[in-house]
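Rule-based calculations on the coordinates, nothing more; no lab input. Computed from a predicted model, the values in this text were never measured in an experiment. Note: ideal-geometry Cβ built from the backbone for every residue, glycine included; neighbour counts use all protein chains shown.
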Amino acid sequence: MGERDEPAVVGRRVQRLRIERGLTQRQLAEPTYTPAYVSTLEAGRVRPSDEALKHIAGRLGVDFEELATGRPARLVTDLRLRLTEAQRALATGAAEDAARQYTGLLAEAEEHGLAEEQATALLGLGECGIDTGDLDAARRCFERAEARLADAPLPARVPALRGRAVTHYLAGELRYAVYLLESTLDELNRGGLPDPDALLLLYASVIGPYMDMGAQARAAQAAEFALALAPRVGDPALVARMHRSVARTLLAEGRLAEADASLAKAAELYRQLHLRTELADCHWTRGYVHAQNGELGLAEEELRTAQTMLSARRAALHSSQVAVELADVLHRGGRSTEAAALLHGVLGDLSSERGAVHAAGAHRLLGVIAEDARDTEAAEEHYVRALSLLERAGAAGDLADLCRLLGDLLRRTGRVDAALDAYRTGLAHRTTPGTTTLGPAPAQPPL
């Protein structure tokens, strides 16, 4: 017997529809059932079989599901179609429009008790929150989506778990983000649930936190697993996300041409799918690739393209993060005044709870610019603020370099003991390749 309302609710519904159609209990019952059975059913004293409800639904001219659950015919199909339309609005950069659509669809799904559709709407609202930089609201949506899917298999819950991990990552809580992703990977790999889509989503998402924590070998291993899983995944958007993440490990290994090739594949898939946000991220990372290769003109062009695309969608957090990369390119090109103005303009959108790693990057670069201008007091202030942000986030990948800059500044200004402390701090944060503070790497996927 499928999902249905309680007998009393079904009985009242049958009675209402029968009266609306001007039928007697005998007319509704014939030729298979008796008027007494219909009377007992309408009073809620019997739980009708599927066969009885199908007969009555046919006599009333309604769909079986509508009679059993109160949901209008085709409601679920229509709701899922509109959820897809909201997803398309989000993908093309209209996060605020998408959020309004998802909010309305969530209310409809809640009204009719559709848990899966509620979870889909909440996942969409969570992604809207990430796009607009409202990380607390996004996290709450992902948590509610997890709750709606509490009885579903783990692969179905992975998008909500991954979304929650991303909000912690963007808020600067790197260790906890990695913990969520690694523990979910372990459960999937060791629990006999080798779902390629779920595994690829998790491996692609854990690369960024690994890199920021300085665990480059572990990031490279995750990238290797992701590349091996890609041929088994049918979702092109998921494959594109994987290529975008893998490019970070290739960059860290100095394989610039391969990194750019991965980004080109991702960008082409995003263009085909009309996914504007993700395409902007590809321009962002390609700008970084060009900068690493010393091609500052091309780097500036890619980063400005990314910033324009993200600004158009009011994605303040992401746009500010791109601005930090662009400022670095401008500084390296001898345009330090322009770079400093850009950094001061975006620091209001970044904080220890929102884009902590990029906020630290902004302060680090402002320190370098101040030091170039021989303003050692301002330089020291920016370095110390950057150090505080990185320590709080656990971003060991950048801490050693920052401590070197601060130590060099302190040494040049005659504070040798303080400089030694800074150098020791940097050495303490140098991470052994392939390690985090969280113990063994996740179990290998069943490839």
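Sorting the segments 371-381, 337-347 by their residues' average number of neighbouring beta-carbon atoms within 10 angstrom, most packed first, yields 337-347, 371-381.
Report, in degrees rounded to the nearest 10, the 0 to 90 angle that the Cα long axis of helix 115-132 makes with the longest principal axis of the chain. Approximately 30 degrees, to the nearest ten.
Along the axis of the charge dipole computed for segment 290-357 (Cβ charges of +1 for Lys and Arg, -1 for Asp and Glu, origin at the Cα centre), the listed residues Gly294, Thr337, Ser351 are led at the positive end by Ser351.
Return the FRET efficiency for the residue pair Arg45, His112: r is the Cβ-Cβ distance, R0 is 22 Å, and the value is rounded to the nearest 0.05.
Numbers: r = 26 Å, r/R0 = 1.17.
The calculated FRET efficiency here is 0.30.
Just to confirm the number: angle between the C-alpha axis of helix 174-190 and the first principal axis of the chain, 0 to 90 degrees, nearest 10? Roughly 50 degrees, rounded to the nearest 10. If you model the chain as an ellipsoid using its alpha carbon gyration tensor, with each semi-axis the square root of five times an eigenvalue, the axes come out at 55, 22, 19 Å, biggest first.
Once every DSSP H run of n ≥ 4 in the chain is given -39500 (n - 2.57) and the sum is divided by its residues, what mean residue ellipticity at 222 nm do you get, rounded to the nearest 500 deg cm²/dmol? Provide the component values of the computation, followed by the final result.
Values: 23 runs with 337 residues, N = 447.
Roughly -24500 deg cm²/dmol at 222 nm, from the helical runs in the chain.
Look at where the Cα atoms of segment 356-411 and of segment 123-171 average out, and the two centres are 32 Å apart.
When all alpha-carbon pairs of segment 1-103 are counted, what percent fall beyond 20 Å? The partial results should precede the final answer.
Values: 2465 of 5253 pairs.
Distances greater than 20 Å cover 47 percent of the Cα pairs.
Work out the charge dipole of the chain with +1 on the Cβ of Lys and Arg and -1 on the Cβ of Asp and Glu about the Cα centre, then indicate which of Thr277, Leu79, His382 is farthest towards its positive end. Farthest along the dipole direction, towards plus: Leu79.
Dipole size of segment 86-152 about its Cα centre, with +1 on Lys/Arg Cβ and -1 on Asp/Glu Cβ: approximately 100 debye, rounded to the nearest 20. Each of Thr34, Leu366, Leu200 was placed along the dipole of the chain (beta-carbon charges, centred on the mean Cα), and the one lying farthest toward the positive end is Thr34. Peptides 359-369, 99-109, ordered by how many other C-beta atoms sit within 10 Å of their residues on average, highest first, read 359-369, 99-109.
Among Ala240, Ala228, Ala215, the residue with the largest mean-square fluctuation in a Gaussian network model of the chain, with springs joining Cα atoms closer than 10 Å, is Ala228.
Each Lys and Arg Cβ is given +1 and each Asp and Glu Cβ -1; about its Cα centre, the chain then shows a dipole of about 820 debye.
Rounded to the nearest 20, the Cβ-based charge dipole of segment 7-69 about its Cα centre (Lys and Arg +1, Asp and Glu -1) stands at 260 debye. Principal-axis analysis of the Cα atoms of the chain puts helix 256-273 at an angle of about 30° to the longest axis.
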